[in-house]
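A short write-up of the structure that comes next.
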Amino acid sequence: VYSVPDSELGRYTKVVLLDSHVAFRDNWQKEYNRQSPFALRVDEKDMQRIRDELATDLKAVFSESLTEAGYEVTTEAGPDVLVIWPAIINLSVTAPDVRTPERRETIVHSAMRMTLFMEFYDSTTQALIGRIIDAEAAEPGGNFMWAHQGSNKSQAKRVFQQWADDLQSLLDDARSSASGDND
């Protein structure tokens, strides 16, 4: 976590949640395809579909979590509006769903690895307020699991919820500290 000195994260009660950028680990596709049978190779359409689905799911989980925590999710700038730009980088999917005619499942220890790179900006000045970088693996609690599109999606959402909970805690702590300063 990086915070700009003297930034006042606690003054924000509303958030603009920008669309997420999703980027695979460099050479992931080439390395995955090198060890996969031809029918299971990942093409550009598969990669774009995975990026789109993860970006949509991350935004939905963050939006729902922040709304439930009492933060208004808006599209308008204002003095109490924080812009949050999440990105998933270094994505590495262990057994991606490649839409083959027959259902394929693979036993894996981790559905995927990915890093959250999230930046916070003031909505009126566009000044950088802070940055978070957190690497996670979507694992089923130390056990092996069958990997397929459904399990990959549920494991990714579990990680997204963990990140959303951490974000909510960060914002709540900043808000508590700010209100404590005014007492």
Next on the checklist: One residue is enough: does the range 10-23 have a residue meeting the conditions surrounded by 15 or more Cβ atoms within 10 Å (Cβ to Cβ), touching a strand residue (DSSP E or B) at 6+ places or on another chain (Cβ under 9 Å) and over 30 Å from residue 169 (Cβ atoms)?
Outcome noted: no
Checklist entry - Which of the residues that make up the range 4-39 are of a type in the set (S, T, N, Q) and in contact with a helix residue (DSSP H, G or I) (Cβ under 7 Å, 6 or more places away or on another chain)? => result 20, 29
Checklist outcome for this item: Those strands (runs of 3 or more DSSP E) completely within the range 7-124 that have 1 or more residues that are modelled with pLDDT of 95 or more and among the basic types (Lys, Arg) are 14-17
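The values are calculated or read from the model by the stated rules, or taken from the named source; none is laboratory data. What you are looking at is a predicted structure, and each value in this text was computed from that prediction instead of being measured. Please note: Cβ atoms are built from the backbone with ideal geometry, for glycine as well, and neighbour counts cover all protein chains shown.
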